[in-house]
1. Between a residue in the stretch B:443-456 that is assigned to a loop (DSSP other than H, G, I, E, B) and any residue that is surrounded by fewer than 21 Cβ atoms within 10 Å (Cβ to Cβ) and of a type in the set (Ser, Thr, Tyr), which pairs come within a Cβ distance under 9 Å, given they are 6 or more apart or on different chains?
2. Could you please let me know if residue A:92 is surrounded by fewer than 21 Cβ atoms within 10 Å (Cβ to Cβ), modelled with pLDDT under 95, outside any helix (DSSP H, G or I) and more than 8 Å from every other protein chain (Cβ to nearest Cβ)?
3. Please determine, by comparing only the residues of the stretch B:529-546 that are surrounded by fewer than 22 Cβ atoms within 10 Å (Cβ to Cβ) and in a strand (DSSP E or B), which one is farthest from the other protein chains (Cβ to nearest Cβ).
4. Would you point out which residue out of A:169, A:122 is modelled with pLDDT of 95 or more, over 22 Å from residue A:29 (Cβ atoms) and over 15 Å from the mean Cα position of the chain (by Cα)?
5. When you scan the stretch B:424-442, do you find a residue that is in a helix (DSSP H, G or I), surrounded by fewer than 20 Cβ atoms within 10 Å (Cβ to Cβ), at pLDDT 95 or above and in contact with a Lys or Arg (Cβ under 9 Å, 6 or more places away or on another chain), even just one?
6. For the stretch B:327-343, give me the residue count where each residue is touching a residue at least 40 places away in the same chain (Cβ under 8 Å) and within 11 Å of chain A (Cβ to nearest Cβ).
7. Here are some residues: B:384, B:371. Which one is surrounded by fewer than 17 Cβ atoms within 10 Å (Cβ to Cβ), within 25 Å of the chain's Cα centre (by Cα) and more than 15 Å from residue B:430 (Cβ to Cβ)?
8. Restricting attention to the stretch B:221-249, and to residues there that are of a type in the set (S, T, N, Q) and in contact with a helix residue (DSSP H, G or I) (Cβ under 6 Å, 6 or more places away or on another chain), which single residue is nearest to residue B:102 (Cα to Cα)?
Amino acid sequence: MTTKNIMIVGVGGQGSLLASRILGAAATADGYAVKISEVHGMSQRGGSVVTYVRYGKAVSSPVICQGEADVILSFELLEAARWLPFLRPGGTLITATQEINPMPVIIGAAQYPADLAEKIRELGVQIIAADAAAIAEEAGNGRAANVALIGLGAHVLGFDTEVLRSAVEACVPAKAKEINLRAFDMAAAHQKDQ
Amino acid sequence: MKKIMLGNEAVARGLYEAGVRFVSSYPGTPSTEISEFAAKYDEIYAEWAPNEKVALEASIGASFGGGRAFSAMKHVGLNVAADPLFITAYTGVGGGLVIGVADDPGMHSSQNEQDSRHYAIGAKLPMIEPADAAECKEFTKLAYTLSEQFDTPFILRLTTRVSHSGSAVELEERQEREILEYTKDPAKHVMMPGNAKRRHPVVEQRLADLAEYAYDSPLNRVEMGGTAVGVITAGNCYNYAKEVYGTNASYLKLGLIHPLSEKQIREFADSVDSVVVIEELDGVIESFCRSLGIQVTGKDVLPLCGEYSQELLREKLLGEEPCTVSVADEIPMRPPVLCPGCPHRGVFYTLKKMGLMVSGDIGCYTLGAVAPLGAMDTTLCMGASISALHGFNKVRGEEAKSVAVIGDSTFMHSGMTGLVNIIYNGGASTVVILDNRITGMTGHQQNPLTGLTLKNQPAPYICLEDICAGLGVDRAHIRVVDPAKPAELEGVLKEELAADVPSVVICRRPCALLKGVEKKPALQVDQEKCRSCKACMKIGCPCISMAAGEDGVIKAKVDASMCVGCGLCQEMCPFDAFTSTGSK
């Protein structure tokens, strides 16, 4: 198989590191080589963050470039739009509909663009937009939005749902397991209903 | 057994398996996790030192003492440790000694983009560079064998992408090693002119021996594929090159990046039609090739600045553009910001309000430079806030209108000597120490003021006020303030700025992200009371924005999901519009 490229984008502190580890665990369980690339430090302070997960028979570069991502998982709408050029033609964007104003918008130096999900859909991009935080909230804790996002993308990430589910189970802290598995199941079911 | 590990974690595993006993480091992105992971092994003694120079000197001592030793630092940390680095090239080692240095091409979290390979050349020390996590472990282990074999410290060069990329690593057993017998050897270990003169030729011979070793070292390898293009590369650039050329090119993949083997490079160049050198930052390998008279493509088409990627190589070397889609709207930037509840916010609000010249330093609080706080005038390197302010004031005499701002960990790192300089040379500057009880920017590391060690063991209490007094600051001019009370801080600053003696204002409040720091219920805006004056917008809190309320009028609004109830906005609001939601 050719290398599968998954990007996880969001705002510092939203839990993208855990999401990348879950995908890495799923790829490893399926016997693939995997590379995960993350950036720590300054970007954690509420900045734009991106994590790359690549898996396949053999993986060289740890990063994903413009026009290469098979799937982008986005925790936030503006970040989905920012990183959209990284999606390959025919790739899938899975995004939470949450909007978090960046500082230039807060201080009135820039505008948060309106109707981003619609605009992306109009470009012919396959997009799944859902309120991941609300699903996680319903499952018991809004912080499980990262796992809900993986559930929403379960059908396009290249793994059997059971493999992904086991990876969630293996990667989340024991005390949060039940809520995270519930969030995963609810999100996967939500996607099937669409 | 295989495990997915970050490059930094794999380096730590390499330390463990190589039987390393001693680790002393100062945190610095992207190197920090090496020491944190090393500290998880009971067999390894691991500590945070106050700065990189101390850390490396401690490791040199451990090596003299016969144990395998290690220090990690970021690229600019090696500037601080450069003094012992250059000298230990002359002394050589007892137990193996490896110095990990992590460069940051692309400046994800750094103030410059320097290329540490110049240190290997300058100090005449061997340097190795792994390309992924598996090599991080293997190269680290081999470096210890070679360090003892060639009697030299080794530098392990990493970059952000290698340090912070994860891939599979094969786990092996630790090779426990006896501490070597200590023998006093002043001719080798006392570096004064008479001895050093005899050691310098040893250094030169060793470098020649290592260049010979490089030729058939397992650290370097040739992969023959198509011979139209031959790529000479090292580190993560090898991965980008493989992504672009696959088996259509041949590769000389260097793991030992200093010294280089002339014979190996000539043979490789002769086996291909053209040579491309792919290396981030400076053209170090390229210059070596050119010095041999080998024609190469390199920095004539590839940039000196920024991080490389397969996309960049495709564009610059093959003229290929990616196929992309994007929305028409302008996407606003999302720069990092001070966290909700950050104790630094009130300080920078106050400094800006007072119109002071602010000599800044390195840490989370460097974010005080960005809008809307915009309160910082200068930032150079660790500790420079205090020393630079002294020079600024000696020239301009603006002691009453300027302050230095420095974090607690940064003060311990290299702020103390600057303060001594102010006192010794009759300055009257005011130094603000942001004491948030942790090393924040790098992700919460302990430091000499926190009362805990890297291994989370209790440490003796070191009192910041006593240090300042001990250095010579009059106790009456060492003031401790809660930065959550900007009015009080302003009053204290006015008094100390007016004083004709050196003063220290300690703004003490723990980082809002620290475990155990109480989070209060989120605040909300009383729509009746808010007059849309935007006073609350001056503090740059990511939780507060101006939005249309129920009646359509634009008023302040708090994002309750982020707000930690620090109350700074309440201090700002002239109309008491911020009230507690009482929940969270």
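1. Filtered contacts from the stretch B:443-456: B:446/B:453; B:449/B:461; B:451/B:461; B:455/B:45.
2. Values: surrounded by fewer than 21 Cβ atoms within 10 Å (Cβ to Cβ): yes; modelled with pLDDT under 95: no; outside any helix (DSSP H, G or I): yes; more than 8 Å from every other protein chain (Cβ to nearest Cβ): yes.
The answer is no for residue A:92.
3. The residue in question is B:546.
4. Selected residue: A:122, the only one of A:169, A:122 that is modelled with pLDDT of 95 or more, over 22 Å from residue A:29 (Cβ atoms) and over 15 Å from the mean Cα position of the chain (by Cα).
5. no
6. 5
7. Values: B:384 fails: surrounded by fewer than 17 Cβ atoms within 10 Å (Cβ to Cβ).
Checking each option against the conditions leaves just B:371.
8. Within the stretch B:221-249, the match that is nearest to residue B:102 (Cα to Cα) is B:236.
The values are calculated or read from the model by the stated rules, or taken from the named source; none is laboratory data. Since we're looking at a predicted model, the values are computed, not measured. No Cβ is skipped: glycine too gets one built from the backbone with ideal geometry, and neighbour counts run over all protein chains shown.
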